[in-house]
Amino acid sequence: MQPLVLNHYTLVNALGRGLSPTFTALSTKKSGLRPCDFLDVPINTYIGRIAGLEEEPIVARLREFDCRNNRLAQLGLVSDGFDTAVAAACNRYGAHRIAVILGTSTSGILETEQAYRRRDMKGALPEDFRYRTTHENYSVTDFVRRYLKLEGPALTISTACSSSAKVFASAYRLMDNNLCDAAVVGGVDSLCMTTLYGFSALEVVSSTPCRPADAERNGISIGEAAGFALLERPQGRNDVPALLGYGESSDAYHMSSPHPEGAGARLAMKRALQQSRLDTTQIDYINLHGTATRANDSAEDLAVSTLFGRLTPCSSTKGWTGHTLGAAGITEAIIGCLCLREGLLPASLNTTKVDPNFTMNVLLENHHQPLVRMLSNSFGFGGNNASLIFGYPEP
Amino acid sequence: MIVHIKGIAVNGPGFGSWAELRNHLVAGTDLTHDPQLPPQGTILSGAERRRASPTIKLAVDVAQAALLSSGMDAEDLALVFASSNGDTLTIHQLCEALATPERLVSPTRFHNSVHNAPAGYWSIASGSRQPSSSICAGDDSFAAGLVEATSQCLTEDVPVLLVTVDLPFPEPLYEKTPGHQPFGVALVLDSHAEGSYAQMTISIAKSTPMDVTSMTDPVLENLRCDSSASRSLPLLAALAAAGKRLVVLRYSGDLQLSVTVEPLYVHSSCP
């Protein structure tokens with residue numbers, strides 16, 4: 001496929017607001033996870049909460065969109081000058097030629113959760129509750145589109161934890177069919193009770209900071225994040241990272257458990273390699289989905305090692321950020337781009353002893369060395385898989 | 001973009017199948033006044049059917065009907081699922097449970113609540129490992145799904161099953177988001193013409209704002225405005241018609257989709 005370049009990208013997550021604090025935390029191995037202090041949720045777990053979101057209201061002109069998820073989106077848009085870069089692109093291409101494609105899994109459901117607690121004697125929801133502009137899955141995309149004053153094709157992709165990886169594939173296809181010239185892709189997912197209590201009910205929430213691939217791993221730490229990238233056709237520069245390939249697949253196995261041999265995961269990685277015309281030896285690093293559940297990490301190990309063998313360096317960065325669910329794809333895509341830029345192979349933070357049954361090469365320490373291409377995995381409920389390959393395009 | 005339609009299915013108030021809606025549109029047969037039958041989820045295994053919500057069942061029912069009318073294999077088809085509100089009943093039940101002091105959430109209800117649950121159930125039941133996407137664009141979810149499915153079909157050269165489903169919220173959310181009578185529509189799209197019922201030429205229109213195509217029948221026009229899935233009605237009407245038709249659908253913001261539908265008569269009769 002024709003590579004698409006990421007001239008501008010940004011990320012807000014538990015490590016900080018923007019690329020610089022994120023990279024500092026990665027290179028100093030400082031986790032963003034903290035004991036759960038979200039609302040009055042008494043679950044014994046660690047979370048990747050973004051402090052101060054509560055004090056960052058939505059701009060006045062879009063007040064009807066005010067909710068935690070859109071506040072997080074707005075924080076992302078103003079980080080690293082992303083909104084300014086999009087405004088410049090808008091002048092180049094025209095507002096209707098830039099698409100907005102964002103991933104989320106729960107959007108602003110927290111508003112509805114809280115509104116249900118404020119029902120009146122007759123059971124009606126409070127007057128000030130707005131569903132469409134907060135909770136509906138399109139809300140975040142509509143908000144970002146209006147905030148950036150873009151008028152191109154727009155949609156939300158909501159495939160649970162692969163949502164904001166699949167946005168890259170969707171954007172590529174829109175550009176391939178000449179429906180737009182550039183795309184703002186990304187993902188926003190914020191803490192809510194649905195996911196904290198839901199994953200607890202599935203008994204996959206860890207009481208310690210998550211330990212991906214560890215022999216003693218016992219579940220996920222939930223995080224929140226907003227990440228964005230401006231995707232454009234190459235303009236002759238080879239010093240900015242590019243999307244080189246993507247692969248999508250389904251497990252066709254189970255709603256909330258991965259295929260035990262990672263068959264769907266393997267297919268997604270294989271398709272990404274085929275599409276980028278790369279072989280496994282040309283991938284310098286794999287950012288694993290690595291949620292730290294028993295089932296995910298075992299299946300992913302089988303998928304990775306049967307395809308790549310035992311040498312390719314791998315790690316999950318969820319020990320830093322937590323599992324940001326619908327924003328996991330973009331979070332790890334941007335972390336991947338940062339690692340390419342800075343020459344970092346990040347460790348699997350919090351992991352002390354790799355599961356002895358694993359074959360893949362899990363990194364326990366940060367390695368500072370140049371890398372040219374990386375692959376990022378994102379797998380979601382319903383057996384929904386996406387793999388992305390980023391790297392520097394050939395000059 | 002040029003794409004071919006190989007399978008059609010619909011289930012909405014007044015019509016349980018594409019044949020019923022088509023007969024009404026072509027021959028003026030009455031729409032049924034019987035209450036809409038609850039979706040069955042026939043392709044699901046017994047255990048999955050017990051876990052599945054009405055949204056999931058309606059989605060897999062229309063998906064299966066469209067697949068049958070296409071004569072294609074489920075394993076070959078990628079899936080695009082579109083809905084404005086997703087699984088309305090499950091979302092209500094979750095928020096209700098989270099408002100109790102115990103906050104006990106059922107694991108099944110939790111995994112059913114993700115927007116891609118119907119797509120997940122479909123892939124498990126049909127055995128398809130092809131890519132599967134689930135999207136939302138508010139009231140324009142069908143139009144956005146049509147673009148997503150068509151661009152995927154052409155770029156990846158894979159046949160795509162596009163399923164759009166909307167169901168009403170129970171109270172109290174219904175008061176905030178009224179409408180959305182149960183409506184499901186599914187189309188099988190392919191880049192290859194052989195064995196197709198119609199060809200669609202799809203483009204995004206901006207500079208020449210045309211009127212969005214409405215339904216002449218006031219009952220169907222009311223229904224069209226009811227949900228994102230029912231906004232497919234003008235396209236279905238064009239597919240039922242004999243000649244070439246232009247359909248204009250509302251798309252993102254002030255963009256519109258212009259869809260030229262040309263029936264192909266390689267089939268002896270429409271599905």
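Would you mind finding the one in B:LEU77, B:LEU98 that is facing chain A (nearest Cβ under 7 Å), modelled with pLDDT of 95 or more and open to solvent by less than 10 Å² (accessible area, probe 1.4 Å)?
B:LEU98
For A:TYR116, which of the numbered conditions (1) over 22 Å from the mean Cα position of the chain (by Cα); (2) in contact (Cβ under 8 Å) with a residue 12 or more places away in the chain fails to hold?
(2)
So, in region A:274-307, how many residues would count as being surrounded by 22 or more Cβ atoms within 10 Å (Cβ to Cβ) and either touching a strand residue (DSSP E or B) at 6+ places or on another chain (Cβ under 8 Å) or farther than 13 Å from A:ALA213 by Cα (or both)?
The total comes to 15.
Where residues in region A:38-55 are over 22 Å from the mean Cα position of the chain (by Cα) and open to solvent by 50 Å² or more (accessible area, probe 1.4 Å), which of them is nearest to A:LEU110 (Cα to Cα)?
A:LEU39
Step by step: first the residues of region A:359-376, then only those that are open to solvent by 10 Å² or more (accessible area, probe 1.4 Å) and assigned to a strand (DSSP E or B), then the one that is nearest to A:LEU273 (Cα to Cα). Which residue is that?
So, considering only residues that are open to solvent by 10 Å² or more (accessible area, probe 1.4 Å) and assigned to a strand (DSSP E or B), the one nearest to A:LEU273 (Cα to Cα) is A:ARG373.
What is the one condition in (1) assigned to a loop (DSSP other than H, G, I, E, B); (2) crowded, with 24+ Cβ neighbours inside 10 Å that A:PRO356 does not satisfy?
(2)
Would you be able to tell me the number of residues in region B:212-236 that are touching a Lys or Arg at 6+ places or on another chain (Cβ under 8 Å) and small (Gly, Ala, Ser)?
Qualifying residue count for the region: 2.
Of all strands (runs of 3 or more DSSP E) completely enclosed by region A:224-322, which ones contain at least 1 residues that are touching a Phe, Trp or Tyr at 6+ places or on another chain (Cβ under 6 Å)?
Working: elements: A:225-232, A:242-250, A:285-287, A:313-315.
Filter on region A:224-322 gives A:225-232, A:242-250, A:313-315.
Residues B:LEU246, B:LEU236: which one is more than 15 Å from B:ILE5 (Cβ to Cβ), at pLDDT 95 or above, within 21 Å of the chain's Cα centre (by Cα) and among the hydrophobic types (A, V, I, L, M, F, W, C)?
B:LEU246
Does region A:377-395 hold any residues that are in a loop (DSSP other than H, G, I, E, B) and either within 14 Å of chain B (Cβ to nearest Cβ) or of a type in the set (Lys, Arg) (or both), and which are they?
A:PHE381, A:GLY382, A:GLY383, listed by residue number.
I'd like to verify a number: residues in region B:107-134 that are surrounded by fewer than 24 Cβ atoms within 10 Å (Cβ to Cβ), of a type in the set (Ser, Thr, Tyr) and facing chain A (nearest Cβ under 7 Å), how many?
Residues meeting the conditions: 1.
Being hydrophobic (A, V, I, L, M, F, W, C), in a loop (DSSP other than H, G, I, E, B) and surrounded by fewer than 17 Cβ atoms within 10 Å (Cβ to Cβ) is true for just one of B:MET215, B:MET210. Which residue is that?
Of B:MET215, B:MET210, the one residue that is hydrophobic (A, V, I, L, M, F, W, C), in a loop (DSSP other than H, G, I, E, B) and surrounded by fewer than 17 Cβ atoms within 10 Å (Cβ to Cβ) is B:MET210.
Inspect region A:119-129 for any residue being surrounded by 15 or more Cβ atoms within 10 Å (Cβ to Cβ), at pLDDT 95 or above and under 22 Å from the mean Cα position of the chain (by Cα) and give the result as yes or no.
no
Taking helices (runs of 4 or more DSSP H) that fall entirely within region B:1-100, which contain at least 3 residues that are touching a strand residue (DSSP E or B) at 6+ places or on another chain (Cβ under 9 Å) and aliphatic (A, V, I, L, M)?
B:54-70
Cβ-Cβ distance below 6 Å, separation of 6 or more or different chains: which pairs start in region B:148-169 with a residue that is more than 13 Å from chain A (Cβ to nearest Cβ) and farther than 17 Å from B:ASP190 by Cα and end on one that is of a type in the set (Ser, Thr, Tyr) and not in a helix (DSSP H, G or I)?
B:VAL165/B:SER83
B:GLY71 - would you say it is at positive phi and under 16 Å from the mean Cα position of the chain (by Cα)?
Considered against the rule, which asks whether it is at positive phi and under 16 Å from the mean Cα position of the chain (by Cα), B:GLY71 comes out as no.
Given region A:83-196, what helices (runs of 4 or more DSSP H) lie entirely inside it while holding 2 or more residues that are touching a strand residue (DSSP E or B) at 6+ places or on another chain (Cβ under 8 Å) and more than 7 Å from chain B (Cβ to nearest Cβ)?
Numbers: elements: A:109-117, A:139-147, A:163-176.
Once the helices (runs of 4 or more DSSP H) in region A:83-196 are filtered for at least 2 residues that are touching a strand residue (DSSP E or B) at 6+ places or on another chain (Cβ under 8 Å) and more than 7 Å from chain B (Cβ to nearest Cβ), what remains is A:139-147, A:163-176.
For (1) closer than 24 Å to A:ALA252 by Cβ; (2) in contact with a Pro (Cβ under 9 Å, 6 or more places away or on another chain), each residue gets a yes or a no:
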| position | (1), (2) |
| --- | --- |
| B:TRP122 | yes, no |
| B:ILE135 | yes, no |
| B:PRO159 | yes, no |
| B:THR164 | yes, no |
| B:SER191 | yes, yes |
| B:SER203 | no, no |
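Give the residues of region B:241-266 that are open to solvent by 60 Å² or more (accessible area, probe 1.4 Å), in a strand (DSSP E or B) and within 14 Å of another protein chain (Cβ to nearest Cβ), sorted by residue number.
Within region B:241-266, B:ARG250 is the sole residue that qualifies.
With (1) open to solvent by 10 Å² or more (accessible area, probe 1.4 Å); (2) closer than 24 Å to A:VAL167 by Cβ; (3) within 21 Å of the chain's Cα centre (by Cα) as the list, and A:ALA99 as the residue in question, which single condition is left unmet?
(1)
Within region A:310-341, work out how many residues are touching a residue at least 60 places away in the same chain (Cβ under 8 Å) and among the basic types (Lys, Arg).
Here the count works out to 2.
What are the residue pairs meeting all of these: first residue in region A:378-392, first residue more than 22 Å from A:HIS259 (Cβ to Cβ), second residue among the β-branched types (Val, Ile, Thr) and not in a strand (DSSP E or B), Cβ atoms under 9 Å, and 6 or more apart or on different chains?
A:GLY391/A:ILE283; A:GLY391/A:VAL372; A:TYR392/A:VAL240; A:TYR392/A:VAL372
The values are calculated or read from the model by the stated rules, or taken from the named source; none is laboratory data. Since this is a predicted model, take the numbers as computed values, not measurements. Reconstructed Cβ throughout: ideal geometry from the backbone, glycine too, with neighbour counts over all protein chains shown. These area figures cover heavy atoms from the full protein model, side chains too; ligands, DNA and RNA do not enter into them. Shrake-Rupley method; radii C 1.70, N 1.55, O 1.52, S 1.80 Å.
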